[in-house]
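Scroll down for the structure; my scribbles are underneath it.
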Amino acid sequence: MGDKKEVLEKIHHKLIVSCQARKGWAMYGPEIMAAFASAAMEGGAGGIRANGVKDITAIRKKVKLPMIGIQKIWTEGCEVYITPTYESAVPILETGVEIIALDGTGRKRPNGETYDSIVYQIREHYPDVLIMGEISTLKEAEALQKSGTDIISTTLSGYTRETAGVTVFKPELVREITSATDLPVIAEGRIHTVEELTAAYAAGAHAVVVGTAITRPEIITARYVRGLETYFETANQ
């Protein structure tokens, strides 16, 4: 784990690759995630985002890049699943990740915990880690300014009730947040092209995370297949 300022400088204007796969997906498994992360590093990535202790530990053995760590846990009755509790954060923090990401919305969490209470405990026990609050709206981002948050991420845009209609990357959200706060903003979510990547930086992003477009070969393949089907349907008319 490096100095906070040094870590922020390392990821500044860099591509961070999200290497995640759920159980049941073709690419599931720590060794596969480590291979993806290693390939991303070879391609010039400046950081890695990963979920769970097993994946993070496997990636650490092969890749020496700043790491955003999360712990996805789904709890009945709660919409928050990205590092939803302090207890879920501790194993990730113990791996030595440089950045820990938490759901930064005001939605209900397990055990009556709040975002602020989790941040407070992390600050007390792991003062050297950067804390990233993940939000979906400008209002949620503004609410994090006095919480001890180090970084704001747009990860949840399109994944909350308030933003259910968002199906494409919106650089405007990045621009609005950077205008409203001095905190560095990481753009993430639905970024599929180089043009969208550069649009995020033009909007003021500190760094950009891309996942699906790089590490979900089944979705990448399906996009090509749909394009092929459309081509032949048009050609045969």
Filtered residues of segment 43-54 (kept if among the basic types (Lys, Arg) and in a helix (DSSP H, G or I)): 54
Based on what the data block shows, is residue 207 touching a residue at least 60 places away in the same chain (Cβ under 8 Å), touching a helix residue (DSSP H, G or I) at 6+ places or on another chain (Cβ under 7 Å) and of a type in the set (Gly, Ala, Ser)? yes
Consider only pairs whose beta carbons are under 8 Å apart and that are at least six residues apart or on different chains; among these, list those whose first residue lies in segment 98-110 and is in contact (Cβ under 8 Å) with a residue 40 or more places away in the chain and of a type in the set (A, V, I, L, M, F, W, C) and whose second residue is open to solvent by less than 10 Å² (accessible area, probe 1.4 Å) and in a loop (DSSP other than H, G, I, E, B). 99/129; 101/83
Go over the candidates 43, 77 one by one and state the one that is open to solvent by 30 Å² or more (accessible area, probe 1.4 Å) and out of contact with any Lys or Arg (no Cβ under 9 Å at 6 or more places or on another chain). 43
Return the residues of segment 80-92 that are open to solvent by 10 Å² or more (accessible area, probe 1.4 Å) and within 14 Å of residue 50 (Cβ to Cβ); say none if nothing qualifies. 91
Just to be sure, is residue 194 on the phi < 0 side of the Ramachandran plot, crowded, with 24+ Cβ neighbours inside 10 Å and modelled with pLDDT of 95 or more? no
Just to be sure, is residue 9 assigned to a helix (DSSP H, G or I) and either closer than 26 Å to residue 194 by Cα or open to solvent by less than 60 Å² (accessible area, probe 1.4 Å) (or both)? yes
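Here's the yes/no breakdown for (1) polar (S, T, N, Q); (2) open to solvent by 40 Å² or more (accessible area, probe 1.4 Å); (3) out of contact with any strand residue (DSSP E or B) (no Cβ under 6 Å at 6 or more places or on another chain):
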residue: 177; (1), (2), (3): no, no, no
residue: 184; (1), (2), (3): no, no, no
residue: 190; (1), (2), (3): no, yes, yes
residue: 209; (1), (2), (3): no, no, no
residue: 212; (1), (2), (3): yes, yes, yes
Kindly list, by first and then second residue, each pair from a residue in segment 21-42 that is assigned to a helix (DSSP H, G or I) to a residue that is at pLDDT 95 or above and of a type in the set (Ser, Thr, Tyr), limited to pairs with Cβ atoms under 6 Å and residues at least 6 apart or on different chains. 36/215
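The values are calculated or read from the model by the stated rules, or taken from the named source; none is laboratory data. Here the structure is a predicted model, which is why all the values come from computation and not from measurement. Counting neighbours? That spans all protein chains shown, and the Cβs are built from the backbone with ideal geometry, glycine included. Just the protein is used for accessible areas: all its heavy atoms, side chains included, with ligands, DNA and RNA removed. Shrake-Rupley method; radii C 1.70, N 1.55, O 1.52, S 1.80 Å.
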